[in-house]
Structures are given as C-alpha cells and as structure tokens.
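Below: the structure, in structure tokens.
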Amino acid sequence: MRSSPRSPIPAVLLLLSCAAPAAAEPLPRRRPSTGPEQEMLDEAKRLVDQGRIADARDIHLTLWRLTRSASDAFRVGMLSFRLRDFQRAAEFLAIYFDMVGTPEAPKIWVPPGFKESYELARANFAEARRHVGAIEVRVSEPGAAVLVDGRQVGVSPLPRPVYVAPGQHRVGAQLAGRQVEVPAAVDAGGERTVWLVLRRADAEEPARPQASKAAAPPGAAPPRAARDPALRWWTVGGLAATSVALGVVGGVSVAEANDAAGDRDAAFVRARWEAFRCRPGLPACDAYAEADGRARTFTALSVGAFIGAGLAAGGAVAAGFLLAPEATVRVGAVGGAPGAALSFGW
C-alpha cells in the first residue's frame, strides 16, 4: 500500500500553538532628564573638571532630592568620598547599592562598564566604613520619626543603618506626642543596634487605686491622725529662732572673749614691769585676774551657745519631719525614657 507524503504544515502549526517562554521584562531605567536637569548635570561635570568638588556635589545633592535616582546617589557618594566626608559617602553609597543590586543581579538597567564602577564604589564604601560607625535603629511602632542628635534621619522602620561619626550620640523617636531618647556610643568601623520603645499614653502611668471607705480589716493599724499645721510651724519656727538667737549669743561671746583675752595679755605685760610675781593688791595683777576671768567666762559661754544653736537647728529639722503628714514616694518613668523618679511631699 502506498503511503502519502506528510505535510510540514501541521508541525508548524503545532509549534506556533505552543506558548513560547515569556521574555524577561526589561529592567526599569531612569527617566530622561529634563532641560534644567541636564543643564545642572553639565554644570556639575564642568565643576568637577575645574576641581570644585564640593560645588559639584551640592548640585548632585539637589538633583538627588528631585529625581531620587541611583546615578545621583552614586555621584553624591563618590564625590563625598573625594571630599573625605566619609559619613555622607557611606550613607549615599549604601543607598546606591540598595537601588542597583549587584552586577550579577541588577535591579535596574545598568550601562556598559557598570561592574567596574560598582567595584570602585564598593572599595570606597569599605574605606569610608573604616572611619564611621553604624547605628541600626529599631522602633516599636512604625511611622515614628527617627532622630539622631536632634536631626530626623527617616521614618521607622529604617531601611538601612544610620552612619555617624565615632563617639556618643542621642538616638530618639517621636510619634503622636510620644517620644523617647537614649544615648548610644559607637566606634569607628563598629555597628550597634538601638531599640526604642514608644510607650502608649495609657500605659505610661498605672491607674491609681481608688481609696476605699470601707472599714479596715481586723488587726490593721489605725489610720494616722492628721496633725495641726499650726503646731508644726510653731515648733519648727521656735526651734529655728532659738538656734539663730543662740548663734548670735555665741558670736557676741566670742568677740567679748577675744577682747578680754587682749586685756589679759596687756595686764600681764604691765604686771611683769611692776613685780616678778603677781600678788593681790597690785593694780596690774588685779587687772590681769579680772581680764582672765572674763575671757574664760565668755569662752565657755560661746562654746555653750554654739552647741545649743546646733542642737536647736537639728531639733527644728527633726520636728519638721516628725510633725509632718506622711511622706509619699512615687516611682515611675521619667518622661518617655525608662527610669525611676522619687518625689516627697508633706
């Protein structure tokens, strides 16, 4: 039996009907620069050629705020590295790496020669990291403003660490009137994670239990009776006035004792001229004895007055505390930061 020749048409139709593998979607590219943006790019290039690196970086910073493109982040980071502004260099090169990916797995369209520029950026980033520290900030609630040394660096959760100069820093967060701030120290090339907990308004201070008017349980100590404020102030005031008065008496007595001691010394000198040995009846000897007696009397009086003043002052302080109502102590948080606060009141 003779077989008819096979037509290639069914095979072709079969191949066409099979779904071909979907082509990879093109990577996103930076939108074309507008006229003013291109003028700024040309001006930045001219400034770099003239060696005015700081001015060129300022232009690329402005472009970064307008475009948020990887190329502008790359230029800001690389120019900052040339200026030895390692903190900004690390910050913008880290942004650049997040945006472009890697040469093996790029996230956006990259031009020819991307691998060489990427490796150079990696080397500069590693050198910049040797000079700065990294603080990774974790906040308990999203959407909080994160601040480092009073400057807002982003909103929680932060996508990457914050690069700072080595040393002590203040790391905080703010959200809906609540705030917290803690100190954080980091070394050059080091890393540190800071956890910030924003306490809720209703959890900042526990509710105080209401005082119950029910009778005290058996065996409980009777409530302390309120003391008369007039008694307290009269007692404290009287003791304080006594202390002041005794202090004045002591001061006067010291002055009198010094004067008497001077008279005694003068009388002693005169007595030496009248006789080698003092005898009762000699004017100089009598003056010496009288002055010596006064000096001893006022010295003893001054010592007693000062001791009495000290005791009266101590009594005034003790009376103030003993006759005061019960002191209260409150332990809680200081502002938004964890800690303890002690307060005493009459």
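The values are calculated or read from the model by the stated rules, or taken from the named source; none is laboratory data. Predicted model only: the values in this text are computed from it and were never measured. Backbone-built Cβ (ideal geometry, glycine too); neighbour counts: all protein chains shown. The accessibility values were calculated without ligands, DNA or RNA, using every heavy atom of the protein model including side chains. Shrake-Rupley method; radii C 1.70, N 1.55, O 1.52, S 1.80 Å.
Taking the numbered list (1) of a type in the set (A, V, I, L, M, F, W, C); (2) surrounded by fewer than 21 Cβ atoms within 10 Å (Cβ to Cβ); (3) more than 29 Å from Q174 (Cβ to Cβ) in turn, V100 passes all entries but (2).
Among the residues of the stretch 144-158, is there at least one that is among the small types (G, A, S) and more than 23 Å from the chain's Cα centre (by Cα)? So far as the stretch 144-158 goes, no, none of its residues is among the small types (G, A, S) and more than 23 Å from the chain's Cα centre (by Cα).
Checked against (1) of a type in the set (D, E, K, R); (2) open to solvent by less than 20 Å² (accessible area, probe 1.4 Å); (3) not in a helix (DSSP H, G or I), D72 meets all criteria but (3).
Here N124 fulfils each of the conditions (1) within 30 Å of L27 (Cα to Cα); (2) touching a Leu at 6+ places or on another chain (Cβ under 8 Å); (3) not in a helix (DSSP H, G or I) apart from (3).
The residue that is nearest to the chain's Cα centre (by Cα), among those in the stretch 75-90 that are within 18 Å of E119 (Cβ to Cβ) and open to solvent by 50 Å² or more (accessible area, probe 1.4 Å), is R82. Residues in the stretch 237-253 that are under 7 Å from A305 (Cβ atoms) and open to solvent by 50 Å² or more (accessible area, probe 1.4 Å) were compared, and the one that is nearest to the chain's Cα centre (by Cα) is L246. Is there a residue being touching a residue at least 60 places away in the same chain (Cβ under 8 Å) and under 20 Å from F86 (Cβ atoms) anywhere in the stretch 181-199? Yes, because at least one residue in the stretch 181-199 is touching a residue at least 60 places away in the same chain (Cβ under 8 Å) and under 20 Å from F86 (Cβ atoms). Close contacts from the stretch 139-167, counting a first residue that is more than 19 Å from A128 (Cα to Cα) and open to solvent by 60 Å² or more (accessible area, probe 1.4 Å) and a second that is among the hydrophobic types (A, V, I, L, M, F, W, C) and not in a strand (DSSP E or B), with Cβ to Cβ under 8 Å and a gap of 6+ residues or different chains, come to S140/V197; S140/L198; V155/A144.
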